[in-house]
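Undergrad: Below you'll find the structure I mean.
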Amino acid sequence: MRLTKLHVVTLRDDPADAEIPSHRLLARAGYIVKVASGLYTYGPLMWRTLKKISAIVREELDREEALEVMMPILHPKELWTSSGRWDRYVADGILFTLQDSKGGEFCLGPTHEEVITAYADQTITSYKQLPVNLYQIQDKFRDEVRPRYGLMRGREFIMMDAYSFDLDDAGLDASYAAMDRAYRAVFTRCGVDFRSVQADAGAIGGAGSEEFMVIADVGEDEILYCEESGYAANVEKAGSIPAEAPASGDPADLEKRSTPDVKSVAQLEEFFSMPASAMAKTVLYQATWPEAEGVVAVMMRGDLDVNEVKLVNALDCLAVVLADEATVKRVTGAEVGFAGPIGLAEGTRLLADKTLAGRTNLLTGCNETDFHCLNVNVGRDCPLPEFHDLRLARAGEQSPDGAGALKQARGIEVGHIFKLGTKYSTAMDATFIGEDGKPHPFVMGCYGIGVSRTAQAAVEQHHDDSGIVWPFSIAPFEVVVAIVDVKKEDQVAAGERAYAALKEAGIDVCLDDRKLRAGAKFKDLELLGFPVRLTAGRGVADDLFEVTPRESGEREDLGYDEAVARVIELVQAGRK
Ligand code: ATP
Ligand code: MG
């Protein structure tokens, strides 16, 4: 392909809304053009990259015997009510909904569990047809609260979504393991540095869920990992062994102490000369269930923090938010800063983190402005709370396996594998006839790869000050042959010859035949980020060509035959 025919339109300036390097570079290089918030047109070069990623995904999934299908984007509301998700997704504001001319309600698919479960129910009758793993690569629609960072968080984006159907848990384990293998192969081949981490499986969880994270400072997810043991988890899910708290002794008499203006944990540590780990703070949350709302109080060791995802799971609710000031005053009868477990308003559910189980003589708030209580013993002075793991793990704490300290990194979630079990098949009454002649719900897994997000994540990891440095496997072209001065016949002839030879050798090559000043041309090509450049300039008069790998920028001057051979060698190495 010739760049004169490829509709290459690079910009001089970064778009104003591009906050991170990969978004800036993709927009400036003309790979993506914004249509509206979270909506982009992929230009011809971007589309080549996206097709290459999709091809890698297809190859690896096909290798694991998954089957490609294509489902409708438009889903009838009835399907989503049959799984019970319509109301929740509408309440979360994530669903794009619309009506047809007859008043029927629909949504644009944000994910396809409902459609595929209905398909499986209609087409799979016997256990003899199982297992089946079905996937598609298609646009998904989500009305994200904060679309941003270009393709990272779009409102329409390309996803590979797969769904496995098995007859039992052992089958699901095998399907899940196959997808894990496929994902590792996909992301390795896409040239990104990734880590798979344990992920929150939500209130239905327990069965297992892992996210594939591309490590990058701009990642929206926080990961904790242990180099010694290989443990890695999304902070939403992560466990750890926190520092020991001091021994807490036999229960002593409850004491009420005046603590005017002493509210924060740090102030309390100083006032009582007591470590935060001997205190329990009480944090109030407003929780929402499908059909109810309520205030819950969470006791947490003073030096530790609440993990709200774990709290949602423990409550089996839809969401929690910190209670507002008015609620705190109503429930505690005190100003903010003095909440405690004793004497909370009736109906307030009391939870505590496991690190507080068995601890005695806690320092807590008194639910009275300017007072704290010493020697609080739950079960004696207040009802016994429900104990759960509600704590936010932190870097520096010991890995849950005790193998070493946890470290922190940030990641971009490019893939997610999830053991669903029978959640959807039960809700939607999707069954097969088992060997015992009875109906059984399908045991399902679901799996997603953000194809468009992966493309941008690759750029986030592979760029420098001058532009993109595409990995060979997903570059729009592996090689560009640049004719420096298209008015010079010898340069044109030499460039055309090298271009033809490389094409002949099976290299994915383009020819930069644009009429541009040499400096501008090189800058543009650096921005575009093709992995190797073969330059036909003034040197061709003496049979000299330049070979420049984009990543190192270290140019070699070689004769024609050596130059072509060197480019082929670089591509072959890059493809590995
Ligand atoms: P996130 O936590 O980033 O919102 P998610 O967990 O809701 O993502 P999944 O439902 O697991 O996303 O979707 C599967 C994959 O689709 C994700 O791993 C991610 O790579 C991609 N993806 C999800 N939302 C978006 C989006 N708004 N824009 C681009 N890609 C997305
Ligand atoms: Mg996810």
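The values are calculated or read from the model by the stated rules, or taken from the named source; none is laboratory data. Note that this is a predicted model, so its numbers are computed, not measured. Cβ coordinates were reconstructed from backbone atoms using ideal geometry, including for glycine residues, and neighbour counts include every protein chain displayed. To get the accessible areas, we keep the full protein, side chains included, count just its heavy atoms, and leave off ligands, DNA and RNA. Shrake-Rupley method; radii C 1.70, N 1.55, O 1.52, S 1.80 Å.
Undergrad: What do you get for the angle between helix 44-63 and the principal long axis of the chain? Use alpha-carbon atoms, 0 to 90 degrees, nearest ten.
TA: 70 degrees
Undergrad: Another question about this same structure. Divide, for the chain, the radius of gyration over alpha carbons by 2.2 N^0.38 Å, where N is the residue count.
TA: So the Cα radius of gyration is 1.19 times the expected 2.2 N^0.38 Å.
Undergrad: Now a separate question. Net charge near Gln129: determine it from the other residues with C-beta under 15 Å of the C-beta of Gln129, scoring Lys and Arg +1 and Asp and Glu -1.
TA: Local charge sum for Gln129: -4.
Undergrad: Compute the length gained on full extension between Phe96 and Ser126: take 0.36 nm times their separation in residues and subtract their Cα-Cα distance, giving the result in nm to one decimal.
TA: On the way: separation 30, 0.36 × 30 = 10.80 nm, distance 3.55 nm.
Length gained, Phe96 through Ser126: 7.2 nm.
Undergrad: Follow-up question, since we're still on this one. Within the range 477-575, how many Lys pairs that are eight or more residues apart, or on different chains, come under 21 Å at the alpha-carbon? Before the final figure, lay out the partial values.
TA: Values: Lys487/Lys515; Lys487/Lys521; Lys487/Lys523; Lys488/Lys515; Lys488/Lys521; Lys488/Lys523; Lys515/Lys523.
Lysine pairs meeting both conditions in the range 477-575 amount to 7.
Undergrad: Relative to the longest principal Cα axis of the chain, at what angle does helix 518-528 sit, 0 to 90 degrees, rounded to 10?
TA: Between the helix axis and the principal axis of the chain, the angle is about 40 degrees.
Undergrad: Quick check: pseudo-label points 7 Å beyond the Cα along Cα→Cβ at Val33 and Glu244, how many nm apart are they?
TA: Between Val33 and Glu244, the label points sit 6.6 nm apart.
Undergrad: Give the average over all directions of the projected area of the C-alpha convex hull of the range 477-575, one decimal, in nm². Spell out each step's value before the answer.
TA: Numbers: hull surface 21.5 nm².
Across all orientations, the range 477-575 yields a mean hull projection of 5.4 nm².
Undergrad: Arrange the residues Ser126, Ser37 by how much accessible surface each exposes, largest first, with a 1.4 angstrom probe. Before the final figure, lay out each step's value.
TA: On the way: Ser126 30, Ser37 50 Å².
Largest accessible area first, the list is Ser37, Ser126.
Undergrad: Counting other C-beta atoms within 10 Å, and keeping those with at most 12, which DSSP coil GluC sites (Glu not before Pro) do you find in the range 496-575? Please report the intermediate quantities before stating the final value.
TA: Details: sites: Glu496, Glu504, Glu526, Glu546, Glu551, Glu554, Glu556, Glu562, Glu569; in loops: Glu551, Glu554.
Here the GluC sites (Glu not before Pro) that fit, given the DSSP loop and packing criteria, are Glu554.
Undergrad: Moving on. Counting other Cβ atoms within 10 Å of each Cβ, which chymotrypsin sites (Phe, Trp or Tyr not before Pro) in the range 425-512 have at most 11 and sit in a DSSP loop? Provide the component values of the computation, followed by the final result.
TA: Working: sites: Phe432, Phe442, Tyr447, Phe472, Phe477, Tyr499; in loops: Phe442, Phe477.
In loop regions of the range 425-512 (DSSP not H, G, I, E or B), there are no sparsely surrounded chymotrypsin sites (Phe, Trp or Tyr not before Pro).
Undergrad: Can you give the FRET efficiency for Asp168 and Arg517, using 1/(1 + (r/R0)^6), R0 = 60 Å, r = Cβ-Cβ distance, to the nearest 0.05? Don't skip to the end; give the middle numbers.
TA: Numbers: r = 67 Å, r/R0 = 1.12.
That gives a FRET efficiency of 0.35.
Undergrad: Still on this structure, please answer the following. Any idea what the relative contact order of the chain is, in percent, if you count C-alpha pairs under 8 Å spaced at least 6 apart?
TA: This gives 16 percent for the chain.
Undergrad: Work out how much length Ala326 to Ile433 would gain on full extension: take 0.36 nm times their residue separation and subtract the Cα-Cα distance, in nm to one decimal. Walk me through the numbers on the way to the answer.
TA: Numbers: separation 107, 0.36 × 107 = 38.52 nm, distance 5.56 nm.
Length difference between fully extended and current span is 33.0 nm.
Undergrad: Further, regarding this structure: Net charge within 12 Å of Gly337 by Cβ-Cβ distance, Lys/Arg positive one each and Asp/Glu negative one each, not counting Gly337 itself?
TA: -2
Undergrad: Enter the angle in degrees (range 0 to 90, nearest 10) between the Cα long axis of helix 169-189 and the first principal axis of the Cα atoms of the chain, meaning the one along which they spread out most.
TA: 50 degrees
Undergrad: So what are the ³J(HN,Hα) numbers for the range 387-393, from phi and the Karplus equation (6.51, -1.76, 1.60; θ = phi - 60°), rounded to whole Hz, Gly and Pro as x?
TA: Once rounded to whole Hz, the list reads 8, 9, 7, 10, 9, 7, 6.
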